[in-house]
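The values are calculated or read from the model by the stated rules, or taken from the named source; none is laboratory data. These numbers come from a predicted model, not from an experiment. For neighbour counting, all protein chains shown are included, and Cβ atoms are generated from backbone atoms with ideal geometry for every residue, glycine included. For the accessible areas, the whole protein counts, side chains as well, though only heavy atoms, and no ligand, DNA or RNA atoms are used. Shrake-Rupley method; radii C 1.70, N 1.55, O 1.52, S 1.80 Å.
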Amino acid sequence: VKPTYEMYPQAHNEDTQFDYLLVAHANSKDWQGLQQQFNTLFGIGELPNILHYGIVMHSMARIGELESVDKLYTQLLRRKMIPTYPILHSLLLAHYKTGDLNGCFTQFELFEKYSIAPSASAYTIMFKVYRGLGDIDGGLRLLKKMTENDKATITETHFAILIHMCSRFTNIPIAQELFNVMINDYDILPTGAGVASLMDVYIESGMPQEALKLFKQFA
């Protein structure tokens, strides 16, 4: 992508050409090249648009570059830009990747502040935050809130994280109830992830036969 971009300067009047270049750096995990290319815009008298910020911030967030993500966020706000979903998701992901679990709550509130609906992916991060904090009650409250706001965003992954949390406390009744609710109330057919999460609860509770029985049932 990079040689092609450099070979056809006449095509650079379209923003998407530069977007492809940033995405190429991100997908090839060339973080240094990505940042240099982004900074090049300032050098040639152009300014990054909100799409450029989203691409770079998300790439930096994936490797836990919280300082870079925060710096870019401050920069775009200073330029009076309105954050988009990729921007907010990047902030949330960056804080989670660096282990700032409590900071994730502050970042998640930004979705409401800017009237942007969180995706299933953003909710997955928050369920993992509750798992990291060992707060199953908080996780259940989040599930209830999702059900009230947008039930369609709830996936098996969300239930699997909650069920797996029960293995820490060997809370079999809650794990079983969540598994049944997932199937009966949310019409989510269990795959390996959901079945394995309940099997873990049985195993941690010293009930390997129940785990084996569940495995055979869904095999």
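Need one value: the accessible area of E67 in square angstrom, 1.4 angstrom probe, rounded to the nearest 10.
Number for this one is 140 Å².
Provide the FRET efficiency to the nearest 0.05 for the Q75-D187 pair, computing r from the beta carbons and using R0 = 35 Å.
It comes out at approximately 0.20.
Can you list the lysines whose alpha carbon sits under 21 Å from that of K144, skipping same-chain ones fewer than 8 residues off?
Partners found: K113, K128.
So the label point goes 7 Å from the Cα of Y85 along Cα→C-beta, right? Which residues of the stretch 102-127 then have their backbone N under 12 Å from it?
116-123
Just check the chain against the gyration tensor rule for me: Cα atoms, a ≥ b ≥ c as the square roots of the eigenvalues, rounded for a/c under 1.5, and otherwise prolate or oblate depending on whether a/b exceeds b/c.
Because a/c hits 1.5 or more and a/b exceeds b/c, the chain counts as prolate.
With a 1.4 Å probe and all protein chains kept in place, how much accessible area does S28 have, in Å² rounded to the nearest 10?
It works out to around 80 Å².
Determine the per residue accessible area of the chain with all protein chains present and a 1.4 angstrom probe, expressed in square angstrom.
Each residue of the chain exposes 54 Å² on average to a 1.4 Å probe.
Carbon-plus-sulfur fraction of the accessible area of the chain, 1.4 Å probe, in percent?
The C+S portion of the solvent-accessible surface of the chain is 53 percent.
Only helical DSSP H runs with n ≥ 4 go in: add -39500 (n - 2.57) per run for the chain, normalise by residue count and round the 222 nm mean residue ellipticity to 500 deg cm²/dmol.
Roughly -23500 deg cm²/dmol at 222 nm, from the helical runs in the chain.
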